[in-house]
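Single-structure report; data block below.
The values are calculated or read from the model by the stated rules, or taken from the named source; none is laboratory data. Predicted model only: the values in this text are computed from it and were never measured. Here Cβ is always computed from backbone atoms with ideal geometry, including for glycine, and neighbour counts include all displayed protein chains.
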Amino acid sequence: MTWTKAKTPEKAFAMTTTRLSAPSAEPPFPTLRFSTDTFGQRERIEAWRELFGRTICAAEIEPLPDAEFHSDVTLRVLPGLGMASGVCSGARYWRPASLTAHDDLIFIVNHAGNDLANMLGRETIVKSGEAVLVTMEAVGGVINQAATRFTTMRIPRSALLGAVPDLHAAMIKPIPADDPALLMLLNYISVLEDNDAVTTEAQRASVVANLHDLMAVSVGAKGEHLERAKHRGVAAERLRAIKTDIREHLPDGDLVAADLAARHGVTPRYIQLLFDRAGETYSEFVRFERLAAAHRLLRDPTHMSRTIADIAFSVGFNDISYFNRSFRKQFGKTPSDLRASAS
């Protein structure tokens with residue numbers, strides 16, 4: 001099929017039904033895995049043009065000469081966000097005047113290789129680890145000068161309009177690889193892989209809003225918009241990172257908030273505020289995660305030879321009586337009862 005006008009990601013995904021595989025764990029929003037390995041050599045570039053060229057970036061695609069074209073990406077679509085991430089051979093992505101029907105924005109993160117961006121009379125090299133913002137309403141595009149790994153996100157202009165004082169000036173301007181907001185954005189994207197975190201429409205809307213916030217900060221949000229982004233998107237990513245850190249350090253008998261704060265460059269009070277806003281406390285979260293970890297180990301046949309006390313100590317409890325009481329209160333049965341039922 002041929003589209004003369006760029007469609008929204010939602011409409012394009014609805015029309016894409018052949019030779020694409022969905023992930024094994026069905027996500028609560030449209031997600032597709034695309035690989036040119038499922039196509040013949042002559043069909044590969046055309047399939048990539050129809051899916052990525054029209055769905056995400058609304059551009060014509062031409063592979064670089066003298067190279068076999070290959071791409072392997074995951075595409076996701078939520079209201080307010082179309083995203084593609086993966087690897088692709090070098091190619092030229094060019095948006096002619098006939099495909100400038102939308103004023104959506106595209107946020108491109110170049111994880112490996114060099115990109116050459118050309119638009120609005122500007123040209124710049126986007127190096128490995130850097131990002132760049134482009135618009136779909138202008139003629140121009142990007143050349144992947146060699147095989148590249150990328151994350152491309154399409155968002156409505158309204159997501160950044162007003163937050164960034166001069167959105168036009170922010171275009172085609174590389175965002176440094178070490179930019180704190182960009183690093184937070186890349187880390188926060190992993191939330192989309194956690195189905196429990198994006199089960200409801202409200203959760204998905206919140207995640208998309210947080211991603212918009214992090215993009216806005218990375219391209220120069222100011223004033224009240226910057227403060228809102230710090231309170232919402234930046235805070236969400238800090239809390240996600242802190243919770244991940246806690247899970248990785250559960251065996252530490254004494255998970256001191258001050259040590260955690262030092263690792264993340266914040267204060268213990270700020271950590272407390274993050275948990276308060278989420279409707280929980282730091283200590284409650286640590287206790288639940290330790291109990292959940294113990295629950296998994298007690299049900300795991302490969303750990304049946306371990307004593308209950310050994311498992312309790314391994315997840316950070318140092319008082320067996322307290323562990324047993326907390327476990328029964330949380331799960332309605334004792335650790336020994338759970339192990340017996342799992343045998």
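Kindly check whether there is at least one residue in segment 219-230 that is in the same structural domain as Phe107 (by TED's automatic domain parsing) and closer than 20 Å to Lys127 by Cα. Steps first, answer last, please.
First pass over segment 219-230, keeping only residues in the same structural domain as Phe107 (by TED's automatic domain parsing): 219-230.
In the following step, the residues that additionally are closer than 20 Å to Lys127 by Cα were identified as 219-220.
Looking through segment 219-230, at least one residue is in the same structural domain as Phe107 (by TED's automatic domain parsing) and closer than 20 Å to Lys127 by Cα.
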Taking segment 136-154 and keeping residues outside any loop (DSSP other than H, G, I, E, B), touching a helix residue (DSSP H, G or I) at 6+ places or on another chain (Cβ under 8 Å) and surrounded by fewer than 21 Cβ atoms within 10 Å (Cβ to Cβ) leaves Thr151
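Per-residue answers, yes or no, for (1) of a type in the set (S, T, N, Q); (2) at pLDDT 90 or above; (3) farther than 18 Å from Phe150 by Cβ:
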site	(1), (2), (3)
Thr8	yes, no, yes
Ala12	no, no, yes
Met15	no, no, yes
Ser21	yes, no, yes
Phe29	no, no, yes
Ile45	no, no, no
Cys57	no, no, no
Gly80	no, yes, yes
Ala91	no, yes, no
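Inside segment 217-289, counting only helices (runs of 4 or more DSSP H) that do not spill past its ends, which hold 2 or more residues that are out of contact with any Gly (no Cβ under 6 Å at 6 or more places or on another chain) and aromatic (Phe, Trp, Tyr)?
Filter on segment 217-289 gives 268-277.
Within segment 69-117, which strands (runs of 3 or more DSSP E) (wholly inside it) include 1 or more residues that are outside the structural domain of His212 (by TED's automatic domain parsing), in contact with a strand residue (DSSP E or B) (Cβ under 9 Å, 6 or more places away or on another chain) and crowded, with 23+ Cβ neighbours inside 10 Å? It would help to see each step written out before you state the result.
Values: elements: 71-78, 81-88, 91-95, 105-112.
By residue number, no strands (runs of 3 or more DSSP E) qualify.
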Of the conditions (1) assigned to a strand (DSSP E or B); (2) farther than 21 Å from Asn187 by Cα; (3) in contact with a helix residue (DSSP H, G or I) (Cβ under 7 Å, 6 or more places away or on another chain), the single one that Ala58 does not satisfy is (1)
Out of (1) closer than 21 Å to Met184 by Cβ; (2) in a loop (DSSP other than H, G, I, E, B), the one Phe317 does not meet is (1)
Name the pairs: first residue in segment 143-162 and closer than 22 Å to Gly223 by Cα, second residue in a loop (DSSP other than H, G, I, E, B) and hydrophobic (A, V, I, L, M, F, W, C), Cβ to Cβ under 7 Å, at least 6 apart or on different chains?
Leu160/Val219
